[in-house]
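The structure appears right after this line, and notes come after that.
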Protein chains: 2
Amino acid sequence: MAKEQKKMVDDITSMDEDFAKWYTDICKKAELIEYTSVKGCMVIRPYGYAIWENIQRILDGMFKETGHQNVCMPMFIPESLLQKEKDHVEGFAPECAWVTMGGSEKLEERLCVRPTSETLFCEHFKNIVHSYRDLPKLYNQWVSVVRWEKTTRPFLRSREFLWQEGHTLHATEEEAIEETERMLNVYTEFCQKYLAMPVVQGMKTDSDKFAGAERTYCIEALMHDGKALQAGTSHYFGDGFARAFDIQFADKENRLQYPFQTSWGMTTRLIGAIIMTHGDNNGLVLPPAVAPVQVMVVPVAQHKQGVLEKAREVCDRLKKICRADIDDSENTPGWKFAEYEMKGVPVRLEIGPKDIENNQCVIVTRHNREKTFAPLDSLEEIIKQKLQEVRDGLYEAALENRERRTYACKTTDEITKVLEEKGDGFVKAMWCGDPECEEKVKELTGVGSRCIPVEQEHISDTCVCCGKPAKAMLYWGKAY
Amino acid sequence: MAKEQKKMVDDITSMDEDFAKWYTDICKKAELIEYTSVKGCMVIRPYGYAIWENIQRILDGMFKETGHQNVCMPMFIPESLLQKEKDHVEGFAPECAWVTMGGSEKLEERLCVRPTSETLFCEHFKNIVHSYRDLPKLYNQWVSVVRWEKTTRPFLRSREFLWQEGHTLHATEEEAIEETERMLNVYTEFCQKYLAMPVVQGMKTDSDKFAGAERTYCIEALMHDGKALQAGTSHYFGDGFARAFDIQFADKENRLQYPFQTSWGMTTRLIGAIIMTHGDNNGLVLPPAVAPVQVMVVPVAQHKQGVLEKAREVCDRLKKICRADIDDSENTPGWKFAEYEMKGVPVRLEIGPKDIENNQCVIVTRHNREKTFAPLDSLEEIIKQKLQEVRDGLYEAALENRERRTYACKTTDEITKVLEEKGDGFVKAMWCGDPECEEKVKELTGVGSRCIPVEQEHISDTCVCCGKPAKAMLYWGKAY
């Protein structure tokens, strides 16, 4: 290992030593974020933002394919508007940032910086929906939102974060539930196919629902350290918001009806999930679909005649089929290897005088550091195949981690024991349906309910907590 | 004209009768925006937002081609940070929205919702720039900003608007000035080529510069009603911000130097400019490059056998080369014609039983309502050509309007007279360089200085106001 490479790797705290520090080291050293004097807010730097742009592009395409249109609502919500739905305001008011002055004048009514936009969409729907012909409305917006959190961490929990929020309005309950489930499936496909991140689909228990929702569906992923991360949510509101905001439409028989509503969101915390699902002690590991650079070409002995030219030619060829780049700076190859390992570039391509002589190059895949020689003639085919291999390899490793860390338990004692022995992870255990048992399990074992998974299993007949007959199997875990 | 068509057209106020009402009618009836209970803020609806998405996509591509990277800064600026550059805070503080509460707690320091982000970029640059090797930084962000305006109008002036703000940092003055001018040229090309909107390139006089800038370059367009609209600005800051924020870098000789800075922005007001440059009494007219739908296929006598099938086939063919759509709803063709005229779809394609018999269709271009028959066999070629014709026709008409409404004047009396006789427009007149003369011309004639155009002309030897020797020719006008 070259000296420079050694040095850089030493800079990242080992994840086994201090997982939290390993995480923030990667955020900073891979140049994803930088801190600011605005407490709890961060700068998303070019490399981090390029990941988000790729996430946006793919998700936005999936939204449009399923018939959604983008809009843009104001970032402010008048206090009286936020208060119209009782559960909603109770959930969000404690973490709102409030604008009270415009210029030098005190506002008559204070404005909240949107923590989410249900209330604004409701007001808009009331203005534009009158007849069944106006339905469904399938809207989405890409904006940032603000929640006044006490403790913050880059991507995972910050006072401002970027997200998309889908908001839809439907004539019937069935249609709205179908939409809620459709978007949960879109999220699942996105995470598994593009982020190579396996997720559990499920429903939140009542105590964990979105403020104002009848049902909250979610997808839960398991991080390297055995903690769970909610990667996306999809809410079914019934007609609760429509009633609170008096949205009505005339059906085909000209009777006034309340429509049914959904909302669903994914955020920049996905970047945190990518780091903690795929990263290792050498740094970030990016799934190819969202990697800003998929293949980095590194010329070896680039001062020798013909090397740079050939390396550039190879890079230009690859640019036609993927996001390729070349580092022809004066840094040593060793420095470059370490740099792009840390930045998680999925594939590195090395090419030097010997390779050129043999009409080949060296290909190294980031996730397993596997090194292969590739004939230049069939380079495009091999690179495509390698990128797919990286995605598949990442997915399998993440799935293996989750399976190894998923424990079926019948009692709270079992939970405590298995977590102590094997470390944090998902616990599968039965539940009677009583929120008090949820609370008690958390007190006794430290794990809270994550979701009622769509794919139910039978672990035992009785509740893991109270011993009464079980109603459902839950996933439990410590959560980000 | 079918009854439905007549009715819809009647709904839009004529621009000759009331230009301001004509404008807001289009904003509302073409479903670009909707008002909200948040004063001075609006909902950008799907059709309006799709125009913005096209603007974003093209501009973002141009930024990336010129080496810029996207980032994302926080939306909040602590008051102490905003105050670091004296001119800047003086310019912006009066129109800031202030967050003073987080949840139920009063903040120790109030936060301004960004009206622009120079201060945040400066703080970030200070953190990440240390050596000449770190330069240049060529950054951009797509966000919304807030300015607490008293009087607001959709797109033209609203309390929150969407924009991009480029922020760059350079080792030398020359390089920074080059960047400022490069981006002005990018803006010019974008407006002229893609929005079919001719613009005058120039520099703001000192009294009209951006708060904190050494020079503000701008592009100015002339609207239908003879009023000027600033379509984009590009600022050169010298090292003023760098000194205020103590940003320094070590040059090649390891001496500490202050870097030089620029910023440049374009906003959703471009959509207002499109409306007022190309729109007519039938509604919106969209330049093809940013039109959400470029070709709308309208089947005629669609109940007759084979019509719908053929129309859909034609639409599918067109989708491969442009943004095409079909309206196969049960509304009458007359209703559809009026609807897509109002929405400004550049090309309408009509196809009925007779056309199918003759293996042709009817093509109507929105801007001049020219009707041609096109053989279906060469449809793709003809549509491409028509879309180019629309862009060129729009540009020529807008240029003709501007030229007709641009008046060379030697005295303030001449200005008053020509404006009275011919209506509002650009006035070209000489200026001695004294801000008092600028002020006085405005008082006497109603037109303010718009810019010192890059392309200077000689109108007379002396200042239009004081009669002293002239230093430059200015464009003057009433402005949005």
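When B:Ile275 is tested against (1) open to solvent by 10 Å² or more (accessible area, probe 1.4 Å); (2) in a helix (DSSP H, G or I), just one condition goes unmet, and that condition is (1). Note on segment A:1-23: residues that are in a helix (DSSP H, G or I), charged (D, E, K, R) and at pLDDT 95 or above amount to 1. Among the residues here, A:Lys39 qualifies as under 23 Å from the mean Cα position of the chain (by Cα), among the basic types (Lys, Arg) and not in a strand (DSSP E or B). Taken as a whole, the structure places A:Arg243 among residues that are outside any loop (DSSP other than H, G, I, E, B), under 27 Å from A:Glu181 (Cα atoms) and basic (Lys, Arg). Tell me, which residue of segment A:403-420 that is in contact (Cβ under 8 Å) with a residue 24 or more places away in the chain and of a type in the set (Val, Ile, Thr) is least open to solvent (accessible area, probe 1.4 Å)? The selected residue is A:Ile415.
Among residues that are part of a helix (DSSP H, G or I), in contact (Cβ under 8 Å) with a residue 12 or more places away in the chain, on the phi < 0 side of the Ramachandran plot and open to solvent by less than 40 Å² (accessible area, probe 1.4 Å), A:Ile51 is included. For the residues A:Cys112, A:Cys27, the requirement of being over 19 Å from the mean Cα position of the chain (by Cα) and modelled with pLDDT of 95 or more singles out A:Cys112. Scanning segment B:261-272 for any residue that is assigned to a loop (DSSP other than H, G, I, E, B), crowded, with 18+ Cβ neighbours inside 10 Å and modelled with pLDDT of 95 or more turns up at least one such residue. Pairing each residue of segment B:211-224 that is in a strand (DSSP E or B) with any residue that is modelled with pLDDT under 95 and open to solvent by 20 Å² or more (accessible area, probe 1.4 Å), provided the two are 6+ apart or on different chains, yields C-beta distances under 9 Å for B:Arg215/B:Lys209; B:Thr216/B:Asp208; B:Thr216/B:Lys209; B:Thr216/B:Phe210; B:Cys218/B:Asp208.
Each row is one residue, and each column tells you yes or no for (1) touching an Asp or Glu at 6+ places or on another chain (Cβ under 6 Å); (2) open to solvent by 10 Å² or more (accessible area, probe 1.4 Å); (3) β-branched (Val, Ile, Thr).
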{"site": "A:Gln248", "(1), (2), (3)": "no, yes, no"}
{"site": "A:Asp280", "(1), (2), (3)": "no, yes, no"}
{"site": "A:Val285", "(1), (2), (3)": "no, no, yes"}
{"site": "A:Val290", "(1), (2), (3)": "no, no, yes"}
{"site": "A:Val295", "(1), (2), (3)": "no, no, yes"}
{"site": "A:Val298", "(1), (2), (3)": "yes, no, yes"}
{"site": "A:Lys304", "(1), (2), (3)": "no, yes, no"}
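Comparison of B:Cys361, B:Cys322 shows that the only residue that is open to solvent by less than 70 Å² (accessible area, probe 1.4 Å) and part of a loop (DSSP other than H, G, I, E, B) is B:Cys322. Could you grab me the full set of residues in segment A:202-212 that are in contact with a helix residue (DSSP H, G or I) (Cβ under 8 Å, 6 or more places away or on another chain) and either among the hydroxyl-bearing types (Ser, Thr, Tyr) or open to solvent by less than 30 Å² (accessible area, probe 1.4 Å) (or both)? A:Thr205, A:Ser207, A:Ala211, A:Gly212, listed by residue number. Among the residues of segment A:32-43, the ones that are at the interface with chain B (Cβ under 7 Å from one of its Cβ atoms), open to solvent by less than 10 Å² (accessible area, probe 1.4 Å) and touching a helix residue (DSSP H, G or I) at 6+ places or on another chain (Cβ under 7 Å) come to 1 in all. The set of residues in segment B:142-183 that are surrounded by fewer than 22 Cβ atoms within 10 Å (Cβ to Cβ) and in a helix (DSSP H, G or I) comprises B:Glu173, B:Glu174, B:Glu175, B:Ile177, B:Glu178, B:Glu181, B:Arg182.
Can you confirm whether B:Lys106 is within 11 Å of chain A (Cβ to nearest Cβ) and not in a strand (DSSP E or B)? When the stated conditions are applied, B:Lys106 does not pass them. Among the residues of segment A:28-47, those identified as within 17 Å of A:Arg147 (Cα to Cα) and of a type in the set (A, V, I, L, M, F, W, C) are A:Val38, A:Cys41, A:Met42, A:Val43. Of the residues making up segment B:341-354, those that are buried (at least 21 other Cβ atoms within 10 Å of the Cβ) and either within 23 Å of B:Ala50 (Cβ to Cβ) or not β-branched (Val, Ile, Thr) (or both) are B:Glu341, B:Met342, B:Lys343, B:Gly344, B:Val345, B:Pro346, B:Val347, B:Arg348, B:Leu349.
Among the residues of segment B:124-141, those that are facing chain A (nearest Cβ under 9 Å) and either touching a Gly at 6+ places or on another chain (Cβ under 7 Å) or open to solvent by less than 30 Å² (accessible area, probe 1.4 Å) (or both) comprise B:His124, B:Ile128, B:Tyr139, B:Gln141. Filter segment A:80-101 down to residues that are part of a loop (DSSP other than H, G, I, E, B) and over 24 Å from the mean Cα position of the chain (by Cα) and give me whichever is modelled with the lowest pLDDT. Only one residue tops the list, namely A:Glu85.
Taking B:Phe121 as the residue in question, decide whether it is surrounded by 17 or more Cβ atoms within 10 Å (Cβ to Cβ), more than 8 Å from every other protein chain (Cβ to nearest Cβ) and closer than 30 Å to B:Glu253 by Cα. Answer is yes for this residue. Among the residues of segment A:46-80, those identified as touching a Phe, Trp or Tyr at 6+ places or on another chain (Cβ under 9 Å) and within 7 Å of chain B (Cβ to nearest Cβ) are A:Pro46, A:Gln69, A:Asn70, A:Val71, A:Cys72, A:Met73.
The values are calculated or read from the model by the stated rules, or taken from the named source; none is laboratory data. All values reported here derive from a predicted model rather than from experimental measurement. Note that we place each Cβ from the backbone using ideal geometry, even for glycine, and neighbour counts take in every protein chain shown. Side chains are part of the model used for accessible areas, which takes the heavy atoms of the whole protein and leaves out ligands, DNA and RNA. Shrake-Rupley method; radii C 1.70, N 1.55, O 1.52, S 1.80 Å.
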